[in-house]
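The next block holds one structure in the form of structure tokens; read it before the comments.
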Amino acid sequence: MFDLNNLLRDNIKRLVPYSSARDEFKGEASVYLDANENSFGSPLPKDYNRYPDPMQWKIKYKLADIKGVPPQNIFLGNGSDECIDVLYRAFCRPGVDNVVLCPPTYGMYEVSANINDTVIRKVSLTEDFQLDLPALEQAIDENTKLIFICSPNNPTGNSINREDIEMVLNNFDGIVVIDEAYINFAKQKTFIQELTEYPNLVVLQTLSKAWGLAGLRLGMAFAGEPVIDVMNKIKPPYNINQSTQELVEEALNNTEKVNDWIRETVAEREKLVAGLLQLPVVQKVYPSDANFVLAKTTDAKGLYNKLVEQGIIVRDRSKVELCAGCLRITVGTPEENVQLLNALQA
Ligand SMILES: *Cc1c(COP(=O)(O)O)cnc(C)c1O
């Protein structure tokens, strides 16, 4: 049985969160002398002298509309990376608790675990980059607090089978984190509609990929309200700055543009895959549900260096397990993709 109280670290259960000036007075006033801000203004055309909304409600209401998830089920982080860190801090007792990771996958889960002194248990994906359910079951014990599942997975690009993820959600009483950074490019459905079904589910998404806002740093966690409340208690009070909040609010009005880009990216991905498969140096291109492809080549390091010479940077993933010989290539503009293919041809 899932029991949040059982999972949380004791210090987090006891934690009295920081109460900011803006937490203590809510509403509109004409004179604000409660937060030691500069009352005269800021040395910029726009006034940044006031602290931002610690709960980012305007963004959450817009996201609620777009995602079909109530605002109180949304946590916003300074990138998904902050959401990941907050989860470790909420649940994992340093030096005692463990997390299960499924490599090859996103590197931040491991780095963040190490920062938080969380024991890492690795259960490699199968040859076709799916969950190894029997091995997962073996790896879990009473100190396993988190399992990270990245779907579509980075760097392999494939989605993880939905029934397998459901199996984990139904049988693991800790927190199952599904990282959907690339979900906008996938045929597979998101899990954010399943929050009422699974109290142990946390879904991560980000504005860094399909939304084209990596520079603004906005990551989202979707979960049941009890989990979201804990995450809000832990985060730095003003983790999303005022300019990011304003720009994101504006960007969220532009869903049409983003949807056009998603369609174009998927179409370009298919062209890129076809182009890569024509090349003698490419042995295999793995099926991708993301905005990148993983290509097995005859000589990853050599090709990488040749591309760098021509000013084209891809990611050499050949040292990563199950990815020998592999380059990870982001889908570019049509011109960039042609440039890449020409460079690889030569
Ligand atoms: C790019 C990426 C993210 C995004 O991280 P941000 O901190 O939101 O930019 C998260 N997860 C995965 C798997 C990624 O590849």
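The values are calculated or read from the model by the stated rules, or taken from the named source; none is laboratory data. Computed from a prediction, not measured in an experiment: that's the story for all the values here. Positions of Cβ are backbone-derived with ideal geometry, glycine not excepted, and every protein chain shown enters the neighbour counts. To get the accessible areas, we keep the full protein, side chains included, count just its heavy atoms, and leave off ligands, DNA and RNA. Shrake-Rupley method; radii C 1.70, N 1.55, O 1.52, S 1.80 Å.
Please work out if Ile84 is under 16 Å from Ala223 (Cα atoms), in contact with a Lys or Arg (Cβ under 6 Å, 6 or more places away or on another chain) and not charged (D, E, K, R).
Numbers: under 16 Å from Ala223 (Cα atoms): yes; in contact with a Lys or Arg (Cβ under 6 Å, 6 or more places away or on another chain): no; not charged (D, E, K, R): yes.
Against the criterion (under 16 Å from Ala223 (Cα atoms), in contact with a Lys or Arg (Cβ under 6 Å, 6 or more places away or on another chain) and not charged (D, E, K, R)), Ile84 does not qualify.
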Check your understanding: Out of all the residues in segment 270-281, is one or more in contact (Cβ under 8 Å) with a residue 40 or more places away in the chain and within 16 Å of the ligand (Cβ to nearest atom)?
Key -> no
Review point. Mind checking whether some residue in segment 243-254 is small (Gly, Ala, Ser), assigned by TED's automatic domain parsing to the domain that holds Asp65 and surrounded by fewer than 16 Cβ atoms within 10 Å (Cβ to Cβ)?
Key: yes
Revision key, fill the gap. Taking segment 112-154 and the residues there that are basic (Lys, Arg) and open to solvent by 50 Å² or more (accessible area, probe 1.4 Å), the one that is nearest to the ligand (Cβ to nearest atom) would be Lys122
Check your understanding: What residue, of Val100, Val96, Val16, is of a type in the set (Val, Ile, Thr) and buried (at least 20 other Cβ atoms within 10 Å of the Cβ)?
Key -> Val100
